[in-house]
Amino acid sequence: MPYTGDVTPGGPPAFRELDRLTVTKVSVGPMDNNAYLLRCRDGGEQVLIDAANEAPRLLDLVGDGGLAAVVTTHRHMDHWVALEEVVAKTGARALAHADDAEGLPIDVEPLREGDTVAVGNCALEVIHLRGHTPGSIALLYRDPAGVPHLFTGDSLFPGGVGNTDQDPERFGQLVDDVEQKLFDRLPDETWFYPGHGKDSTLGAERPALPQWRARGW
């Protein structure tokens with residue numbers, strides 16, 4: 001079946017085969033969080049984005065292939081409930097932005113803007129997006145054989161940027177970072193994978209950017 005990115009808590013994962021990378025998307029409860037397992041097709045190295053919850057399900061996805069790292073997109077608890085157990089059972093490195101490290105349940109290796117996370121011979125670029133939390137990040141994979149793929153955590157969704165608790169300063173930071181670091185840099189065909197719900201493309205969302213700014217959320 002063609003990949004749509006539509007998953008539900010307790011339902012089957014969705015699989016996307018890229019030229020060098022396989023993306024597996026699964027939704028875990030109770031808050032319908034998305035977790036993404038990336039596997040390099042050359043050698044099989046795997047990286048998990050957001051060990052959100054339901055550690056047994058995530059470990060089943062990992063299987064016998066081992067896990068090189070778990071990247072946490074931000075420090076909100078619904079994105080790391082399973083982090084400690086997954087890391088303990090796989091020996092994976094735990095990675096997160098330095099500005100959100102203090103809010104996580106285990107020690108992590110700090111990430112910063114422009115760092116790269118290896119998935120075998122594939123690379124994810126770390127993009128720091130302030131506002132939802134101080135250390136929220138997106139991860140960019142530039143597929144040499146196709147369109148860019150962007151894992152946005154809770155900083156960008158279909159229909160708007162992430163929650164900033166009606167704080168004008170935080171909203172300004174987030175919408176500025178999202179526009180300048182994502183929409184201004186990447187093409188319309190860039191496919192993005194958020195921390196909850198359905199995927200979208202930058203092109204589908206780009207016309208609404210002025211509306212997002214005007215409404216303030």
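Read the figures in this text as sums done on the coordinates, not as results from a lab. Please read these numbers as outputs of a predicted model, since none were measured by experiment. With ideal geometry, Cβ positions are generated from the backbone for all residues, glycine too; neighbour counts draw on all protein chains shown.
Tabulated data
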{"quantity": "Residue list for segment 146-158, restricted to those being within 22 Å of Ala68 (Cβ to Cβ) and either among the hydroxyl-bearing types (Ser, Thr, Tyr) or surrounded by fewer than 14 Cβ atoms within 10 Å (Cβ to Cβ) (or both)", "calculated": "Thr152"}
{"quantity": "Residue identified as charged (D, E, K, R), closer than 30 Å to Pro207 by Cβ and out of contact with any Phe, Trp or Tyr (no Cβ under 7 Å at 6 or more places or on another chain) among Glu102, Glu109, Glu84, Glu125", "calculated": "Glu125"}
{"quantity": "Residue in segment 5-28 that is in contact with a helix residue (DSSP H, G or I) (Cβ under 6 Å, 6 or more places away or on another chain), of a type outside the set (Phe, Trp, Tyr) and under 21 Å from His132 (Cβ atoms) present", "calculated": "no"}
{"quantity": "Subset of segment 5-26 [more than 22 Å from Gly66 (Cα to Cα) and in contact (Cβ under 8 Å) with a residue 24 or more places away in the chain]", "calculated": "Gly5, Asp6, Val7, Thr8"}
{"quantity": "Test set (1) of a type outside the set (A, V, I, L, M, F, W, C); (2) touching a strand residue (DSSP E or B) at 6+ places or on another chain (Cβ under 9 Å); (3) not in a strand (DSSP E or B) - Glu85 fails condition number", "calculated": "(2)"}
{"quantity": "Filter result for Gly29 (in contact (Cβ under 8 Å) with a residue 40 or more places away in the chain, more than 15 Å from Gly153 (Cβ to Cβ) and either out of contact with any strand residue (DSSP E or B) (no Cβ under 9 Å at 6 or more places or on another chain) or of a type in the set (Phe, Trp, Tyr) (or both))", "calculated": "no"}
{"quantity": "Residues of segment 48-81 satisfying the condition of being under 18 Å from Asp99 (Cα atoms) and out of contact with any Phe, Trp or Tyr (no Cβ under 8 Å at 6 or more places or on another chain)", "calculated": "Val70, Val71, His74, Arg75, His76, Met77, Asp78, His79, Trp80"}
{"quantity": "Qualifying residue in segment 63-75 (condition: crowded, with 23+ Cβ neighbours inside 10 Å, more than 20 Å from Ser136 (Cβ to Cβ), without any contact (Cβ under 8 Å) to a residue 60 or more places away in the chain and under 16 Å from the mean Cα position of the chain (by Cα))", "calculated": "no"}
{"quantity": "Subset of segment 111-137 [crowded, with 18+ Cβ neighbours inside 10 Å, hydrophobic (A, V, I, L, M, F, W, C) and in contact (Cβ under 8 Å) with a residue 60 or more places away in the chain]", "calculated": "Val117, Val119, Cys122, Leu124, Ile137"}
{"quantity": "Unique residue being under 26 Å from Asp165 (Cβ atoms) and in contact with a helix residue (DSSP H, G or I) (Cβ under 9 Å, 6 or more places away or on another chain) when the list is Asp50, Asp107, Asp78, Asp100", "calculated": "Asp50"}
